[in-house]
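Student: Mind looking over this structure? Questions follow.
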Amino acid sequence: MASFGLWWGGVGHWDVFVAIYLFLGGISGGSFLVASIAEWFGERRQQAGYAHISRWGWTLSFGTIVVGSWTLLAHLSGPFLRAFMFPVKFTNWTSWMAIGTWVVVTFSLVVMARMIWATFGTAAVDDPSGLPRHLVERVGFGLTDLVDRGADLTRPTGPLRRLVQVTGVGLAVMLVIYTALLLSAVGWLVPLWNQTLLPPLFVASGFSAGIALVIAVTAWQNDLDGGLVHRFGLLDDAVIVVEGVVLATLLYTLTTGGAAAARTVDGLTSGSGLLLLVGMVSAGLLLPLAISAAQELLGSDSLLASRQVTTAKFGLVIAGSFLLRVLLIFTALQQPIIVT
Amino acid sequence: MGEQWGFYFDSDKCIGCHACSVSCKQRHGRDPEQDEWRTVTNVTTGEFPDVSSLPVSMSCMHCSDAPCEKVCPCNSIQKREEDGIVVVDRDSCIGCHYCGWACPYGAPTYDDGGIMSKCNLCIGEGPGGGHEMPPREEQEDGGAQPACVDNCVGGAIQAGPVSELKEQATTEAVERFEQEPANVIVEANRDDTTAFPYEA
Amino acid sequence: MSSDAGDGLTRRTLLKTGAGAATMAALGGCADTARQLGIGQTDRSATPVADANVAYGNCWMCCHNCAQEVKVTDDGTVVGITGVDGNPRGSAGPGTEGTLCPKGLGQLDKTHDPERIKQPYIRVDGELQEATWDEAFEYTAERLREFDDEHGAETFLDAGSWAETPIFRTIWRDLYGTPERIGRGIHVCAGPTFVNGGMMGIGSNARVPDYQNSEYLIMWGRNPLEAFAGQFEAKGILKAIEENDATLVTIDPQYTETAEKSDAWLPIEPRTDGALALAMANVIIDEERYDADFVENHTYGFEAYREAVADTTPEWAAEITGLDAETIRVIARDFAEAAPQAGISVWSGTAQSGNGWKATQNIIALNGLVGNIDRPGGLRLWKSTPMADPFEVCEWTPEGKGSGAARGTETTIGVDLPNNAEGKTPAFRKYDEYSDYPARHITGIAHNLVPEMVENGHINGMYCHHDMPLKDGNAEAWLTALDEMDLVIAVDAYWNGVTRNADVVFADATQLEKDTVGTGSWSSYSEAQWVVGGKAAVEPQFNTKPDYEILTGLAEAMGWGEYFPWEDHEAFIDDQLQSVDLTLEELSTGEKNYAIVGEYGYEQWRESDGPAFRFDLDQVPSFTAAAEEAGMDTAPSWQPPGTYGDSLDETYPLEFYDVRSVYFSHGSDQGIDRLLEQFARKNDLHDEEYRGNYLHINPVDAEARGIETGDMVTVESKTGGGELMAHVTELIKPGVVTSEYGFGEGSTQQDYEGLNTMKLHETQMDPITGQVDRHIAVDVTGGE
């Protein structure tokens, strides 16, 4: 005699826009971190490359969070204008969505400021990493002068600068972690959104994607020194390894969970779920590490060490980071009700 | 603080007819193809001939510790002090669907203008009906009988102040209820309800 | 958390007066923008259902009269619908909650359904065209006169079914003068059950035992927790279980909702019910557990019965039925032990097969054997409420009615109806073409043979009223017959294969739009007679008319107006209610619309002479004649599947029969979206677009054919076939496939989605009653 049955609730409350938003939030925070690291090293070593990396870091971080904010709004099914009421409406401080929205807002302001301080006024440069100012110049209307003056007037120095740096890094980390906590807050109901493992997974994934994006763009636009590319590439590899370990642990815990965990595993090991998993692991973890290893072994003169291959490798890392978010949103399942 | 309201469900009496789902939708003016606020599912187990197919009727359980209320960024979802009924303020809901992930019972639906709507224990009519309505009253005091209770053919669903529901339930069901966060008393199965080789 | 809500409310209130006002001013006070932004509070305190006016009705979705309480707004829209407490059909008895099942709830949608037929149509130059009521009446009258001239009125078939007034019988039989009549009960519902029952002494009461007083209930080929004839059946069974600790047994090849609540489920091989019944009798007689007093003093034919079951042991039956011999023995013993508070329910499941006659005779015999006849908890001889015949009791002043001597101011009692069908014999009994059919000894027509009769010119026209014969048998031939008939008059609310092919379509109003009265026999009141009534809750919708007005309008056009002196249907109903000293007004006002009008006790058979029960039917001349021709005994006996009708073979190895569902009754509800949606949800296939019926098939049979749930599959018999969606389930016996009837081509489901199950069917029937045999040998193909 059957002892119990399972009642499965609905699935799929979130769509691809949420996945994109989580990805962009992660890569934005990661990019900011890369910019901050480059800035720190740039203060200690005299290599122009670091400054380029920083500028691209702020710019890309800003760009991705702006697009990300738009995709965040795009997933809402309510009346379009209503989301803009969030400053007065988001009052539930037990909800990561409310907290996170404020993190996004303040982070956006900070990264915008850092970007402007790094590319306008006395910090202006003609090379491609000064892109924000070049774009504003095209707009005209004396806007460039306005922003230049504003940047110079407000640019912090001394202890204030330290504060801004630290706050920025804190917000960047918060940004990535909150995207994980948003999911894992209901991890008690959705086994895939493991409360302990999701935050480190997202931080690692976001950071590695951030490194990949910023370094690839800087290398391409500013012909970044191969040594710097290599050093950041190694950092990326290390983060990827950490990411791999966390992901493996997460998948393992699913195999020992209850009915929903088991069914999630089924979803991940068949059909489109399997494709996503294989795609994500290959693109985000295995292939980049393999390419890096090959590059190490074959040396800097080989074909494999070329910029194109390195760029492709970084591209895979970014793709993998996106696929991870897609996987987490689309294969997630809620616990069933046990019916006896 | 008023008396908490809840549901009582006796699966021994549920015949899986879905009259509760239909009655609910009609009370609240919802089209046939819209998502249900109260869903009936047959939980089927086993292999022929050792099979069982137990119908279960599920709606918002007006949980004592409502996870939907905790995650809603706008505080659109409230568990009312007066009667414990969990209602949504459709004027502030932005349709983020977070409550959908938080609810174990699949109660939130979003196909009324993209904004969340769900069972409001019939303190009002229509999506959002219930927000800021006066305290829930029992039928003898003029309150509307919940639509699902009104037309449950088998008499499997009851609703009311929890103290009154407890009086109708078995001890085992009440004990189980008091350990769980949901505001529904689910009756235990009769031992010999399901059909198998007949014990003389 | 709740504590935050307090703050939230305060802020929102502030918003209303502060920022809200400012923003609204900034946006030019655009209300829609304010709503978009979520500023201000939308007033959601309106309760249109609770505030609407109350009216009553008696539900006619399955036509068994559960009472309805409806809420109607001032502009005549039905917005709410529910049951009436204490109602005989729709509740569990006095002081209990009245409810409505999904079908009853569907009446709300049906009333305002824009897909209904909205006005009359007549066929001109081969096309159906809109017509006024006067045009339609005139046209019909003309066609009927022509028909009589050309073919003779006696070749016109009255196939009126679930009309909400009885006067169509008056019109077609007494006035137009046709003896041809096809009804539901014997011909397509459960002929063997009704006729057997009548001959054995219990009328049609084998269907509904005295549930609430019972301690042992066998649902034999019945699923009353799903396909109940009034919700009181389901409620009564649940009550018997709860209050009497009754044992419930289900005998069914499918695991149904009734099986789920049962103490034992016997997944019997289809069409072998007769063997099981004989085996139970074998045990009960052998172990002397029968009611000796009743059997010896009040029955006839016990010796023949005893002889017939001498060798039909449980072991013998186990092989045939696929059941366990010990289980059979235990059930037989426990049933006899619990008797007389033990009952059996049989209806279409055991009757709609070729060997259904003997199956039902064998089963019904068990009741007489254990002596539960008209005893509490057993086989109740339900008594309905006699209605007065308005044609006999009406008081009217003939002024303006009729002509000649009928004019005047004197009050007359009664209407002098002619009997124009007198002396006319229906074709089934008249012509040699049908002399091979034993059923002509029993009844005046057989559903499956109507197409043949049309071909032979014995039937040339038909009146169809709230019925769907295309679901009842021999569908392909019936579709051709509809085409061939010279005149088809339809009264219906929905487009389907009959109305689309009719020459005249009279747009019927639906139940809430009519004054109605209802009664019946079985109910949740074991010892009382009852009536329900309802004044029209809303006006006839669109340009429809209540059927009483349609028929009297037609009568007027035919020159028969003098025979219908009532001002309206209410007056007619008031005359019907004279027998219980009530008017419709009295009945339908107050807090309920039903009345308990009489009481009767048990053991009513003590009031008459002669046996209360017959096991052997050798003294019934009509049956002995039919039985001889059919080659069957008059006493209970075993007739294997295939004695009449289909046998399974290699080409067609699966046994198909059709089944019922709680969402649809007969053939008229399959057009209602809300019910189709719920039906899809019940089968967990609502995410598909498809809204037809499903083929229920066991995984063993499905896997062998590469079929998965959701696949479109083809079912074929030697007669025909069709396509529908597969529903693979463990809840059905391997080797058996079923589907709900009333779908597919010609159905009321507007897109004709699904399979018309009777496309698989030809003329298989029970030879004694002509009842359609719905068990067909098929195969299923179409998986990947």
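The values are calculated or read from the model by the stated rules, or taken from the named source; none is laboratory data. This is a predicted model, so every value here is computed, not measured. Neighbour counts run over all protein chains shown; Cβ positions are idealised from the backbone, glycine included.
Student: Which members of the stretch B:39-59 meet the condition of being in contact with a helix residue (DSSP H, G or I) (Cβ under 6 Å, 6 or more places away or on another chain) and within 9 Å of chain A (Cβ to nearest Cβ)?
Tutor: Correct list: B:SER53 only.
Student: For the stretch A:43-139, list the helices (runs of 4 or more DSSP H) that sit wholly inside it and hold at least 2 residues that are of a type in the set (A, V, I, L, M, F, W, C), away from every other protein chain (no Cβ under 14 Å) and in contact with a Ser or Thr (Cβ under 7 Å, 6 or more places away or on another chain); which are they?
Tutor: A:48-74, A:96-119, A:131-139
Student: Based on what the data block shows, is C:PHE194 under 30 Å from C:SER345 (Cβ atoms) and assigned to a helix (DSSP H, G or I)?
Tutor: Answer is yes for this residue.
Student: From the residues in the stretch C:565-590 that are of a type in the set (Asp, Glu) and farther than 14 Å from C:MET387 by Cβ, which one is surrounded by the fewest Cβ atoms within 10 Å (Cβ to Cβ)?
Tutor: My answer is C:GLU567.
Student: Within the group C:GLU164, C:GLU150, which residue is more than 25 Å from C:GLU570 (Cβ to Cβ), of a type outside the set (A, V, I, L, M, F, W, C) and away from chain B (no Cβ under 12 Å)?
Tutor: C:GLU150
To keep it simple, each residue is scored yes or no on (1) away from chain B (no Cβ under 14 Å); (2) surrounded by 14 or more Cβ atoms within 10 Å (Cβ to Cβ).
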| position | (1), (2) |
| --- | --- |
| A:VAL147 | yes, yes |
| A:LEU163 | yes, no |
| A:ALA172 | yes, yes |
| A:TYR178 | no, yes |
| A:ILE211 | yes, yes |
| A:VAL214 | yes, yes |
| A:VAL217 | yes, yes |
| A:HIS230 | yes, yes |
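Student: While we're here: If we keep just the residues of the stretch B:46-92 that are among the polar types (S, T, N, Q) and assigned to a strand (DSSP E or B), which is surrounded by the fewest Cβ atoms within 10 Å (Cβ to Cβ)?
Tutor: Checking each candidate, the answer is B:SER53.
Student: What number of residues within the stretch C:68-87 satisfy the criterion of being within 12 Å of chain B (Cβ to nearest Cβ), free of Cβ contacts under 8 Å to residues at least 24 places away in the same chain and surrounded by fewer than 24 Cβ atoms within 10 Å (Cβ to Cβ)?
Tutor: Residues meeting the conditions: 1.
Student: Residue check: is C:ALA595 among the aliphatic types (A, V, I, L, M) and in the same structural domain as C:LYS535 (by TED's automatic domain parsing)?
Tutor: Taking the combined requirement at face value, the residue satisfies it.
Student: From A:GLY68, A:GLY100, A:GLY57, grab the single residue that is over 24 Å from A:GLN221 (Cβ atoms) and crowded, with 19+ Cβ neighbours inside 10 Å.
Tutor: Among A:GLY68, A:GLY100, A:GLY57, only A:GLY100 is over 24 Å from A:GLN221 (Cβ atoms) and crowded, with 19+ Cβ neighbours inside 10 Å.
Student: Within the stretch B:103-125, which residues are more than 14 Å from chain A (Cβ to nearest Cβ) and touching a Cys at 6+ places or on another chain (Cβ under 9 Å)?
Tutor: Once the filter is applied, which keeps residues that are more than 14 Å from chain A (Cβ to nearest Cβ) and touching a Cys at 6+ places or on another chain (Cβ under 9 Å), the stretch B:103-125 yields B:CYS119, B:ASN120, B:LEU121, B:CYS122.
Student: Another question, then. Pick from the stretch C:181-226 the residues that are of a type in the set (Ser, Thr, Tyr) and more than 14 Å from every other protein chain (Cβ to nearest Cβ): which of them is farthest from C:ALA625 (Cα to Cα)? Write out each step before concluding.
Tutor: Restricting attention to the stretch C:181-226, the residues satisfying the condition of being of a type in the set (Ser, Thr, Tyr) are C:193, C:204, C:211, C:214, C:216.
Among the residues that remain, those that are also more than 14 Å from every other protein chain (Cβ to nearest Cβ) are: C:193, C:204, C:214.
Details: C:THR193: 19, C:SER204: 22, C:SER214: 37 Å.
Looking at the filtered set, the residue picked out is C:SER214.
Residues checked against (1) within 14 Å of chain B (Cβ to nearest Cβ); (2) at pLDDT 95 or above; (3) surrounded by fewer than 24 Cβ atoms within 10 Å (Cβ to Cβ); (4) assigned to a loop (DSSP other than H, G, I, E, B):
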| site | (1), (2), (3), (4) |
| --- | --- |
| C:LEU175 | no, yes, yes, no |
| C:PHE228 | yes, yes, no, yes |
| C:GLY236 | yes, yes, no, no |
| C:THR250 | yes, yes, no, no |
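Student: From the list C:ALA318, C:ALA259, C:ALA304, exactly one residue is surrounded by fewer than 22 Cβ atoms within 10 Å (Cβ to Cβ), within 14 Å of chain B (Cβ to nearest Cβ) and in a helix (DSSP H, G or I). Which is it? Can you show your working first?
Tutor: Values: C:ALA259 fails: surrounded by fewer than 22 Cβ atoms within 10 Å (Cβ to Cβ); C:ALA304 fails: within 14 Å of chain B (Cβ to nearest Cβ).
Testing whether each residue is surrounded by fewer than 22 Cβ atoms within 10 Å (Cβ to Cβ), within 14 Å of chain B (Cβ to nearest Cβ) and in a helix (DSSP H, G or I) leaves just C:ALA318.
Student: Does B:LYS79 qualify as being more than 11 Å from chain A (Cβ to nearest Cβ) and over 14 Å from B:SER117 (Cα atoms)?
Tutor: When the stated conditions are applied, B:LYS79 passes them.
Student: Exactly one condition in (1) more than 28 Å from C:PRO94 (Cα to Cα); (2) crowded, with 18+ Cβ neighbours inside 10 Å; (3) touching a Phe, Trp or Tyr at 6+ places or on another chain (Cβ under 9 Å) is false for C:ASN593; which is it?
Tutor: Of the numbered conditions (1) more than 28 Å from C:PRO94 (Cα to Cα); (2) crowded, with 18+ Cβ neighbours inside 10 Å; (3) touching a Phe, Trp or Tyr at 6+ places or on another chain (Cβ under 9 Å), the odd one out for C:ASN593 is (1).
Student: While we're on this one: List the residue pairs whose Cβ atoms are under 6 Å apart, where the first residue sits in the stretch B:126-155 and is touching a residue at least 12 places away in the same chain (Cβ under 8 Å) and at the interface with chain C (Cβ under 8 Å from one of its Cβ atoms), the second is surrounded by fewer than 19 Cβ atoms within 10 Å (Cβ to Cβ) and part of a loop (DSSP other than H, G, I, E, B), and the two are 6 or more positions apart or on different chains.
Tutor: The qualifying pairs are B:GLY126/B:GLY29.
Residues are listed down the side, and each one gets a yes or a no for (1) under 21 Å from B:HIS97 (Cβ atoms); (2) away from chain B (no Cβ under 14 Å); (3) part of a helix (DSSP H, G or I):
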| position | (1), (2), (3) |
| --- | --- |
| A:LEU287 | no, yes, yes |
| A:ASP301 | no, yes, no |
| A:VAL309 | no, yes, yes |
| A:LYS313 | no, yes, yes |
| A:VAL317 | no, yes, yes |
| A:LEU333 | yes, no, no |
| A:ILE338 | no, no, no |
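Student: For C:VAL188, are the conditions met, namely being under 18 Å from the mean Cα position of the chain (by Cα) and part of a helix (DSSP H, G or I)?
Tutor: yes
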